[in-house]
Structures are given as C-alpha cells and as structure tokens.
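For reference, the structure discussed in these notes is given below.
The values are calculated or read from the model by the stated rules, or taken from the named source; none is laboratory data. Remember, it's a predicted structure, so these values are computed and weren't measured experimentally. All Cβ positions, even for glycine, are placed from backbone atoms using ideal geometry, and neighbour counts span all protein chains on display.
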Amino acid sequence: MRIVVTGSIANGAGNISYGLARLGAAPILVSTARPDFAEQQRRLARSGVNTQRTGTANPVPILMKFDDVRWVVVAPDDPEVMLARTHHILAGGYPLVACPSPRLSDLERDEARALVAGADLLFTDENERELLSVRTGWTTATVLSKVRHWITTFGPDGALVEFGGGAPAQRVAAVPSDTIVGGTGAGDGFRAGYLAGLRYGADPVNAAYLGATVAALVLESPAPQGYQLDLATMLARIRSTYGPTTARHIGRLLTSTRGKSATSATMRTARVDHDVRLLPRNRARTQPGP
C-alpha cells in the first residue's frame, strides 16, 4: 500500500516523504515542478522517494497510475493550491490526510472548513489547532465529526490522538532529546513516523510512539532531510520512553515482511512490501457543515 504526499519538495512534503522513505515505506511525492526540482529529486530518490512532478494542483492523473494508494497527504503549501488538491483528492475517492498550515489565517471560513472536512487523518500542531478552531468556527467535537483521527503535536509535551466516533482521546509522551541540533522539521518527522506505523499495522497509539521517536531524532539532526534512522537506536529510544513491551511490538511490525527480517540498511534505503493490517478505508465523505 502506497502513501502519496503532495506539496513542496523543499519543505513539509519533502520532509514527510524523506521520513517515510527512511522507514522503508517507499512514498510517492507529487510536487509542482520548480527550477531546482531535478537536484532535489535526485537527492530524495537516493533516499527511496518516488518523485513525480506535475504542472497543476490536481494530483489525480498521477494517482491513477497506481492501484494501491492508501492515503494522500496534502502537506502545507499555498492555501489556494492546498484547497484545489483537497477537492480533487476527495472527488477522486482517495483517503485524505490533511496537514493545514499556519496560512489557515489567509482562508475564509468555508475554505478552512473545506480543507479538513472528510479527512481520514488530520494533523496539526498546537498553534495550528487553535487557528483551525478560529478560522472554521468549529468546536473540537464538530471537527471530530468531520474527520476520522485528529493528531495534535505539542512539542516537548507530546501528542494528543483523538478519534471521530467518540472513542477516548489518548495522550502520548514525547521522546526526550538530550541535544537539539536542528530545531525544525520535527512535526514532519512525527507525521512520517505515524503514517509509517499505520502502514505497518500499528494502532494509532503505537503509531504515535513511532512518530514521537522519529521527531526526537529529527531534532537531533542538523537538517530535516539529512538524518539516518537506525532500527536499534529507534527501538532503544522507544524502550526507554514507552517500555520494553512497546519496543518489542513496534520492532516486530518494522521487521516482519513475509517472514524476512528487515535490517537497518533496508530501513534506510529499500522499498519494503509489507503485509499490513490497515484500517478500513472510509470512502464516505463528510461535507463542511454549519
């Protein structure tokens, strides 16, 4: 199953794709062509990202080339472009992952609502969460009636995973970072880890544990597209923060692929075709409400 990321190759979309590739998830990055696209495309391709360039805000013609798309991420970009991508993705029946940016402030109420309504997954940080509430005029309960999962990151205070349908919200602690080198891209790393976790069969809470671990490793790296992920290191960090049972469970998910063990080198560079227990798709789209 494929995860497709749309947006800027140099920023959030590129960062999320890089993290997914480092976790062996073989993402597809659909990005608008730009003068430096070729150089960045080669760099991301070496990391395991399948880059596709487009001249429009409609990714569906590229999505139709693949018959196993699980999610399509709309990463932060120009608000009008994000709106157009969201419309085309939902109209095409593809499961949406919404990542609204601080530029929500540029949108009218109906536009802000259209950016998130009908999403399988909604990612925000603390500031974006507040801004989303202001721009949409929706309460938390209303947002959760429009999406399937809402994941909010709070930096050193961890993350909150909320569920449409009334299931109890789950708090997830952050993985401590002894040395912060970069300071940017941790949220994108979390999103990459969370999506990869779901792809490999984790439940939302264990996916958040993996996301928090990747976020910590991004903070300890000089660039959001320059870090390495070593399986032993990741599991050691998970073990120290969330306990040995969680580390063993996530380790099994990351290393089981039709009975073969995935090595650290495989996680860094190879496309891994996992037999995954994915959550069922929700094709019924909820339209923006009052």
Could you say which residue among Gly55, Gly7 is of a type outside the set (Phe, Trp, Tyr) and closer than 24 Å to Trp150 by Cα? Gly7
Out of curiosity, is Gly48 small (Gly, Ala, Ser), farther than 25 Å from Leu210 by Cβ and out of contact with any strand residue (DSSP E or B) (no Cβ under 8 Å at 6 or more places or on another chain)? no
Here are some conditions: (1) crowded, with 20+ Cβ neighbours inside 10 Å; (2) farther than 17 Å from Leu122 by Cα. Leu235 meets all but one. Which one does it not meet? (1)
Could you give me the residue pairs with C-beta distances under 8 Å whose first residue belongs to the range 162-183 and is among the aromatic types (Phe, Trp, Tyr), whose second residue is in a loop (DSSP other than H, G, I, E, B) and modelled with pLDDT of 95 or more wherever it lies, and which are 6+ apart or on separate chains? Phe163/Arg148; Phe163/Ala169
Of residues in the range 155-169 being closer than 20 Å to Tyr242 by Cα and loosely packed, with under 15 Cβ neighbours inside 10 Å, the one farthest from the chain's Cα centre (by Cα): Pro168
Gly193 vs (1) farther than 26 Å from Asn11 by Cα; (2) in contact (Cβ under 8 Å) with a residue 60 or more places away in the chain; (3) not hydroxyl-bearing (Ser, Thr, Tyr): all pass except (1)
Any hit, the range 13-28, residues being over 15 Å from the mean Cα position of the chain (by Cα) and either over 24 Å from Glu108 (Cβ atoms) or not small (Gly, Ala, Ser) (or both): no
Out of Gly55, Gly48, Gly93, sole residue that is at positive phi and more than 17 Å from the chain's Cα centre (by Cα): Gly93
Considering only strands (runs of 3 or more DSSP E) wholly within the range 18-85, the ones with at least 3 residues that are farther than 22 Å from Ala223 by Cα are 50-54, 69-74
Condition check: in contact with a strand residue (DSSP E or B) (Cβ under 6 Å, 6 or more places away or on another chain) and among the charged types (D, E, K, R). Does Arg129 satisfy that? yes
When the range 215-232 is checked residue by residue, the ones that are more than 18 Å from Gly155 (Cβ to Cβ) and either charged (D, E, K, R) or exposed (fewer than 13 other Cβ atoms within 10 Å of the Cβ) (or both) are Pro222, Gln228, Asp230, Ala232
Enumeration of residues in the range 96-111 that are surrounded by 20 or more Cβ atoms within 10 Å (Cβ to Cβ) and at pLDDT 95 or above: Leu96, Val97, Ala98, Cys99
Is there a residue in the range 3-17 that is touching a residue at least 24 places away in the same chain (Cβ under 8 Å), touching a strand residue (DSSP E or B) at 6+ places or on another chain (Cβ under 7 Å), of a type outside the set (Val, Ile, Thr) and farther than 25 Å from Ala207 by Cα? no
